[in-house]
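Participant: Quick one: the structure is below, questions incoming.
The values are calculated or read from the model by the stated rules, or taken from the named source; none is laboratory data. Remember, predicted model here, so these are calculated numbers, not experimental data. A quick note on method: Cβ atoms are made from the backbone with ideal geometry, for glycine too, and the neighbour counts reach across all protein chains shown.
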Amino acid sequence: MVKPASRSVPITVSLAARPTGGDYARFVIGAAIKAGKPLKVKPDAIKPIATADYPTPAKRPANSRLDTRKFRETFGLELPHWQAGFGHILQQVLGA
């Protein structure tokens, strides 16, 4: 069993709720618009599609959301909801 190293800074892992790509994209676009950034696309323009509807040369799993159960159980952590740390990241990316 791997033990976590002691750290002097907090680690934020923000995939506890396992969003889909569409969930994440809609949230990012909505947050950017709320932050006053003009975008040509609106959150509701992002529509989910099945893996089979987007064929690629590489095989894609039908469900590629990250399952953090083993990580949480191994390290005894309860991860924050993925949206919890998003404001900080948005500020860095958008320079808000």
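Participant: Condition first: modelled with pLDDT of 55 or more and assigned to a loop (DSSP other than H, G, I, E, B). Now tell me which residues in the stretch 1-35 satisfy that. Steps first, answer last, please.
Facilitator: Going residue by residue through the stretch 1-35, those that are modelled with pLDDT of 55 or more are 18-35.
Once the filter is applied, which keeps residues that are modelled with pLDDT of 55 or more and assigned to a loop (DSSP other than H, G, I, E, B), the stretch 1-35 yields R18, P19, T20, A35.
Participant: Looking for whichever is loosely packed, with under 10 Cβ neighbours inside 10 Å and at pLDDT 80 or above here; the options are P61, P38. Which one fits? Steps first, answer last, please.
Facilitator: Numbers: P61 fails: at pLDDT 80 or above.
Within the list P61, P38, the selection yields P38.
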